[in-house]
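The values are calculated or read from the model by the stated rules, or taken from the named source; none is laboratory data. Please read all numbers here as calculations on a predicted model, not as lab measurements. Don't worry about glycine lacking a Cβ; one is built from the backbone with ideal geometry, like all the others, and counts go over all protein chains shown. With ligands, DNA and RNA removed, areas are computed over all heavy atoms of the protein, side chains included. Shrake-Rupley method; radii C 1.70, N 1.55, O 1.52, S 1.80 Å.
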Amino acid sequence: MDAQKKTAISRTRLMLQEPFFGSLAMSCNLKSDDNHSTMYTDGKDIGYSPAFVEACSVEEVMGVICHEIAHIFLEH
């Protein structure tokens, strides 16, 4: 499964399983970025390495998205 589809599925599952994180994840743009090795946030949006996302399961991507969302709302 390609990274774009996997991130979309991950956000959808977050909406269903973890609505708090899911709604916050839906308010962020997810952008592919080959210049980083994992996932990151700039405080507003979430960037991801396609190779990293493709190597992870959907559940792992969901967890990393939640992690990045926490950075945003805790202003880290």
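When you go through LYS5, LYS44 one by one, which is the residue that is of a type in the set (Lys, Arg), assigned to a helix (DSSP H, G or I) and surrounded by fewer than 14 Cβ atoms within 10 Å (Cβ to Cβ)?
Selected residue: LYS5, the only one of LYS5, LYS44 that is of a type in the set (Lys, Arg), assigned to a helix (DSSP H, G or I) and surrounded by fewer than 14 Cβ atoms within 10 Å (Cβ to Cβ).
Only residues that are open to solvent by 50 Å² or more (accessible area, probe 1.4 Å) and either within 12 Å of the chain's Cα centre (by Cα) or within 13 Å of GLU68 (Cα to Cα) (or both): list them for region 24-39, please.
Hits for region 24-39 are LEU24, MET26, SER27, ASN29, LYS31, SER32, THR38.
Could you give me the residue pairs with C-beta distances under 7 Å whose first residue belongs to region 56-68 and is touching a residue at least 12 places away in the same chain (Cβ under 8 Å), whose second residue is of a type outside the set (S, T, N, Q) and surrounded by fewer than 15 Cβ atoms within 10 Å (Cβ to Cβ) wherever it lies, and which are 6+ apart or on separate chains?
VAL58/ILE9
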